[in-house]
Structure formats: structure tokens, C-alpha cells
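Scroll down for the structure; my scribbles are underneath it.
No lab work stands behind these numbers, since they all come straight from the coordinates. Computed from a predicted structure; not experimentally measured. Here the Cβ positions follow ideal geometry from the backbone for every residue, glycine too, while neighbour counts run over all protein chains shown.
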Amino acid sequence: MKKIPFLLLLIAFCFSNYSYSEDWTPSKTVAVIVGILEWDDNELTTYPTEDREDKKFYELLKTRGVPDNQIIFLCDKQGTYKNITDAIKTYSAKASEDYTFIFYYAGHGSYDETGGYFYNYDSKQNTFYISEIGDILIKNFKGKKALLFADCCYSGKLNEVADKLEKSKISTLVLTSVVKDNTSTGEWTFTESLNDIFSGVLTGTFSVTKVDSKTAANYVLENMKNADEQPANSYQTAGFPAVFNYSTYDATKSIKCTDKYMEAVSENVWYKVEILANIKGLYKIHYLGWEDEWDETVSADKLREITYKTYKVGTKVQVESDGTYYPATIMKVDGVFNYVHYDDYDAEWDEWVTSSSIK
């Protein structure tokens, strides 16, 4: 992971030129779900294991109809290098030509001169390079479609795996918590969003009957941008369906609100909040980064829009990380994100940040 533990970037969107639409078929899906929150390397940051969203994703896929013998969840100590690679081999080999392969990972991610990798539990002994996902699928998977998800640092490097698979006629969709150049938060925002997408229960205002790949990508982008100030990554290879539907949109359970994220004032301090409901002009809000016990209902005059600032290329700034400000230069701008080069560091540390980290 980066020495400067930040977490950002914009969304890379690449939709196919094909015009056909396709619904995800759970019964014709094989899936390998890997969630690792602790490692044999005590130098790696561990995460709380209660109320984990990776397990919810696994259970959701089964509830949606993925057969028990076509899905596996490798949790923490089960997520060894051998178990992960063996699972990809075994479950991909179960698929027929009309099947979809799903791979999901939550944990730590990084990269070296060989390529991007996800930390397996026994990371001291072996390194699980993400390129191996492509190698195994090309050799063992008879299907023509793959979905790759990851909630970790540098997870956008899965795009490279997608390109490799496309060359072998396996069309691929990638959706991750961050793009290839950036670190990621330790929050569950991405996987929570993924669970919303596959369940068809979204927070926001939507005029859809199905949650398709474009709606899903925008949903993840907005959630990561506002909740974690982090850019998500979405990518589809050329052969992937132009419209791919994850689920049927459940308007009866979805929480409708015009502005999902705003700022709310409390004791003269403005906090970023998520709008949970709008009931006759009163807004139920959740303070981001705070426990649910602080949720409350406020009137519209206590809210305001979130504003982000971007800077001209070449602007000299100070960028905050873990309470310390580092001198940096704005290299480019995209959406609400500023791409910075840290003046005293090599280009490998360049990253995207929002204005909340800049002065």
C-alpha cells in the first residue's frame, strides 16, 4: 500500500458499441468470493469482522439463485494463495458456454514491477497476482462472460485482466472501489453499493425498471465520490453487452431522495451527510463517518449542497494525508478530482484528490 494512504480518482467508463441487452442469470453463474480482513503478516492493517459486507454479497448471490455448488466464499484464513487459485480453477471449470463467471475480492491490494496483486492470507509465502485470474480463466472457463469486482487499493488494475480475457473471447465487466493509481478506504461503501445493485434496492431517485450496468456504475461513482471522496472504476470490454441488467429495480424498497448527499449544520459546523428519507419536507440524515445513533431528522434550512473545488494545472498546493500536509502540484483535473504530483516524491505517488484535502 502507498506510504501516503489516500484514496481517490475518477471513473473510467468504456461501454461497448454493441446494442443488445442481457439480464444476469444467477442459475448459470459460477462465483468465487474472497474476503480477507486479517493476514499472517502482522504488518498489514486488519479490519473488524463484524457485520461484514463481503459475506452479505455471498449470501445475496445465493438468495438470487446461484446454486450452492457453483459458489464459494473464502473468508480470512481460508483465503490462501492455493485456495484462491484452486477455487478459480475448480469453479470456472464447472461452467458451460452460456455461463457467467463472477470474481470478487475485499482486502488489501498493491502492485510491483510484475503487476497488480491482491493480498492472500498467506501473503508472506506467496503473491496472488491478479493476472493469474485471466490465465486460469483462459485455460479453464468455457463461458463467454466475466464480472470482476474488487474492494481494495489499486483495484482498477483489474481492467488489465479484462483486456486479456477479451482477447480470448471472454467479454468482461469490471467494477471496483478505485482506479488503478489510487489507494482505497477501509470502509464498506463499495461493497454496500454492490449489494444494493444486486438486490435492486437503491438510495436516490431513479427512473428505471432494471438496474443496468450504466446505472450501477453511476451509483458506485456517486457513493464513492461523496461518502469516501474516492473515485470508483468501471470498465467494459468491447464484446460485453451494451446493456447488462443486474437486477429488477424495487421501487417499493428503494429510498427515494433528490440529493442523496448534502451537508448539514450542527452546532455551527457543517458535516457531510447521506439523505435517508424525505418525509413531507423533513429530511432523515446520516452523518458520514458517524454511528447510526447520531441519525436525525432536520428541516431543509439545515442543509446545503456539497461543493468541490478544482484548480488550474500547475497550481502549487499543499495536500493533507494523515494530518500532515505535503507540497504538491496540480497535474490535471477531471470532474471534482485534482491529480497531484507530490513535489518531493517520485511519480509513482501521484494520485487524485478532492479539494477537501487541499490548501
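What to note about this one:
- Across segment 219-331, Cα pairs under 8 Å and at least six residues apart give a relative contact order of 15 percent.
- Normalised by the number of residues in segment 21-248, the average gap of Cα pairs under 8 Å and 6 or more apart makes the relative contact order 21 percent.
- Debye intensity ratio I(q)/I(0), log10, the chain, q values 0.07, 0.09, 0.10 Å⁻¹ (C-alpha model): -0.30, -0.51, -0.63
- The HN-Hα couplings worked out from phi for segment 31-48 by the Karplus form 6.51 cos²θ - 1.76 cosθ + 1.60 (θ = phi - 60°) are 9, 10, 10, 10, x, 10, 10, 8, 9, 6, 8, 6, 7, 7, 5, 9, 10, x Hz, whole numbers, x standing for Gly and Pro.
- Rough spin-label spacing in nm, given labels placed 7 Å along Cα→Cβ, for Glu113 and Lys309: 4.2
- Computed about the Cα centre, the dipole magnitude for the chain is approximately 1360 debye when only Lys and Arg (+1) and Asp and Glu (-1) carry charge, each at its Cβ.
- Simple rule: put +1 on each Lys or Arg Cβ and -1 on each Asp or Glu Cβ in the chain, find the dipole, and look at Tyr339, Pro67, Ile285; the Cα lying farthest toward the positive end is Pro67.
- Full extension of the chain segment joining Asp301 with Glu22 gains 96.0 nm, where the gain is 0.36 nm per residue of separation less the Cα-Cα distance.
- Our note on the geometry: Cα centres of segment 270-289 and segment 62-121, 37 Å apart.
- Relative contact order for segment 261-304: 34 percent, from Cα pairs under 8 Å spaced at least 6 residues apart, divided by residue count.
- Each of Thr209, Thr310, Thr189 has some number of other Cβ atoms within 10 Å of its Cβ, and from fewest to most they run Thr209, Thr310, Thr189.
- Positive-end residue of Ala150, Val178, Ser168, charge dipole of segment 147-288 with Cβ unit charges: Ser168
- Full extension of the chain between Lys55 and Ala242 gives 64.4 nm of extra length, using 0.36 nm per residue less the Cα-Cα distance.
- Between Ser266, Ser234, Ser213, the GNM of the chain built on Cα springs shorter than 10 angstrom shows Ser266 fluctuating the most.
- Its Cα centre serving as origin, segment 259-311 has a Cβ charge dipole (Lys and Arg +1, Asp and Glu -1) of approximately 300 debye.
- Counting beta carbons within 10 Å around each of Phe198, Phe57 and listing the fewest first gives the order Phe198, Phe57.
- Full extension of the chain between His341 and Thr45 gives 104.0 nm of extra length, using 0.36 nm per residue less the Cα-Cα distance.
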